[in-house]
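Chemist: Quick one: structure below, then a few questions.
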Amino acid sequence: MTPQITDSHCHLDFPDFDEDRDALIERAHEAGVTRMVTICTKLRLEPQVRNIAETYDSVYYAAGTHPMSALDEPLATVEDLVQLAQHPKFVGIGETGLDYHYTADSKDIQQESLKIHIEAARQTGLPLIIHARAADDDMARILSDAHAEDAYSCVMHCFSSSKELAQAALDLGFYLSMSGISAFPKSQELRDIFATAPVDRILVETDAPYLAPPPFRGKRNEPAYTAHTAKVGAEVFGLSYEDFAAQTQKNFDRLFTKAAS
């Protein structure tokens, strides 16, 4: 029996999947991927992302404003996000966060947007979904200061930052998510960071259509490939694939309680 696993972060609304969405959902199921969380990165696109979640029993969704879009998109409000969260298949807030790699010029609005999403996560009790790139110090400071004011839950999606940010997130009780980057041959330093984390704080994801793990690197990623990243994760933690998959399922259920129920 194929071990069950969850793709905790993908983008099924992207046009990359318009031609074969039904087939790729079926391939995911065949690979043991029983649940997928598809992420809306611009709130004006929420209706089409919601429609995908409503179409497929195994798909849930989250919505927020991606930090790279924070300057170009209308600023979300806490009320907007809380209202969206009333939908039975809406299970997380984001993705949000900070990205100074390409968009450092908008860091002030990114930080404002992030704080709005944090408050929505508090009010809804849903986990915050964080994108972090080239902004480790500000990210650790904002997340920590906000958590000290009032606790909330969070996953560092597609984690590929420093060991310091990983530790800061873990100290707050947050989760780290392994993407295909973790399986790249040159990512040993990242795998070493994951190896220091408690295994009960690890999720797996594809970030599809991006970041396909070997042996599909350079091709379109899809939820079925979660299993390839999880097999590398099992090696990192010295577990069988079956045990690691089962552990990540428990972790996902603990964090994404609405999807678990």
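Chemist: Across 5 Å bins from 0, what is the distribution of all Cα-Cα pair distances for the stretch 20-144, in whole percents?
Modeler: 2, 12, 21, 20, 17, 13, 9, 5, 1
Chemist: Still on this structure, I have one more. Would you give the gap between the C-alpha center of the stretch 107-161 and the C-alpha center of the stretch 178-192, rounded to a whole Å?
Modeler: 23
Chemist: Just by accessible area at a 1.4 angstrom probe, what is the order of Y102, Y241 from largest to smallest?
Modeler: Working: Y102 155, Y241 35 Å².
Output order, biggest surface exposure first: Y102, Y241.
Chemist: Dipole of the stretch 131-261 (Lys/Arg Cβ +1, Asp/Glu Cβ -1, origin at the Cα centre): which of M178, H228, A151 lies farthest to the positive side?
Modeler: My answer, from the dipole projection, is H228.
Chemist: What lysines does K115 reach when the alpha-carbon gap must be under 16 Å and sequence neighbours fewer than 8 apart in one chain are set aside?
Modeler: Output for K115: K107.
Chemist: Give me the three principal axis extents of the stretch 211-261 from the C-alpha atoms, as integers in angstrom, largest value leading.
Modeler: 35, 26, 12
Chemist: Hey, can you find the accessible area per residue of the stretch 106-256 for me, probe 1.4 Å, expressed in square angstrom?
Modeler: Details: 6080 Å² over 151 residues.
Solvent-accessible surface per residue comes out at 40 Å².
Chemist: By what distance, in whole Å, do the Cα atoms of the stretch 160-204 stretch along each of the three principal axes, largest value first?
Modeler: Largest first, the stretch 160-204 extends 30, 19, 13 Å along its Cα principal axes.
Chemist: Any idea which of H9, T55, Q188 is furthest toward the positive side of the dipole for the chain, if Lys and Arg beta-carbons carry +1 and Asp and Glu beta-carbons -1?
Modeler: Final value for the positive-end residue is Q188.
Chemist: Also: Going by average Cβ density within 10 Å per residue, which order do the peptides 105-112, 10-17 take, highest to lowest?
Modeler: Working: 105-112: 16.6, 10-17: 19.6.
Packing proxy ranking, top to bottom: 10-17, 105-112.
Chemist: Can you send over the carbon and sulfur percentage of the accessible area for the stretch 2-149, probe radius 1.4 Å, protein chains only? Could you put the intermediate results ahead of the total?
Modeler: On the way: 2850 of 6150 Å².
Here it works out to 46 percent.
Chemist: When the expected Rg is taken as 2.2 N^0.38 Å, what fraction or multiple of it is the alpha-carbon Rg of the stretch 135-261?
Modeler: Values: Rg = 14.4 Å, N = 127, 2.2 N^0.38 = 13.9 Å.
Normalised Cα radius of gyration, the stretch 135-261: 1.04.
Chemist: Taking only DSSP H segments of four or more residues, each worth -39500 (n - 2.57), what value at 222 nm results for the chain once the sum is divided by all its residues, to the nearest 500 deg cm²/dmol? Mind showing how you got there, number by number?
Modeler: Working: 10 runs with 106 residues, N = 261.
Rounded to the nearest 500, it is -12000 deg cm²/dmol.
Chemist: Give, as a single signed number, the net charge of other residues whose beta carbon lies under 13 Å from the beta carbon of D16, with Lys and Arg counted +1 and Asp and Glu -1. Intermediate results must be reported in sequence, preceding the final value.
Modeler: Working: positive: R21, K219, R220; negative: D13, D18, E19, D20, D207, E222.
Residues near D16 contribute -3 overall.
Chemist: I've got another one for you. Could you tell me the largest-minus-smallest coordinate of the C-alpha atoms of the stretch 68-136 on each of the three principal axes, in descending order and whole angstroms?
Modeler: 35, 22, 17
Chemist: With no solvent and one point per C-alpha, what does the Debye sum give as log10 I(q)/I(0) for the chain at q = 0.09, 0.12, 0.13 Å⁻¹?
Modeler: Those come out to -0.34, -0.63, -0.76, one per q.
Chemist: Still on this structure: For the stretch 13-90, how big is Rg over Rh, using alpha carbon atoms and the Kirkwood form of Rh? Please report the intermediate quantities before stating the final value.
Modeler: Numbers: Rg = 13.6 Å, Rh = 13.5 Å.
Checking Rg against Rh, the ratio lands at 1.01.
Chemist: Run the reach check for K258 against lysines, Cα to Cα strictly under 17 Å, same-chain hits fewer than 8 apart removed. What comes back?
Modeler: In chain and number order, the partners are K89, K250.
Chemist: Separate question: Counting Lys +1, Arg +1, Asp -1, Glu -1, what net charge surrounds L71 among other residues with beta carbon under 13 Å of its beta carbon? Working shown, then result.
Modeler: Numbers: positive: K42, K107; negative: D72, E73, D99, D105, D108, E112.
Once positives and negatives cancel, what remains is -4.
The values are calculated or read from the model by the stated rules, or taken from the named source; none is laboratory data. Here the structure is a predicted model, which means the values were calculated and not measured. Cβ coordinates were reconstructed from backbone atoms using ideal geometry, including for glycine residues, and neighbour counts include every protein chain displayed. Only protein heavy atoms, including side chains, enter the accessible area calculation; ligands, DNA and RNA are left aside. Shrake-Rupley method; radii C 1.70, N 1.55, O 1.52, S 1.80 Å.
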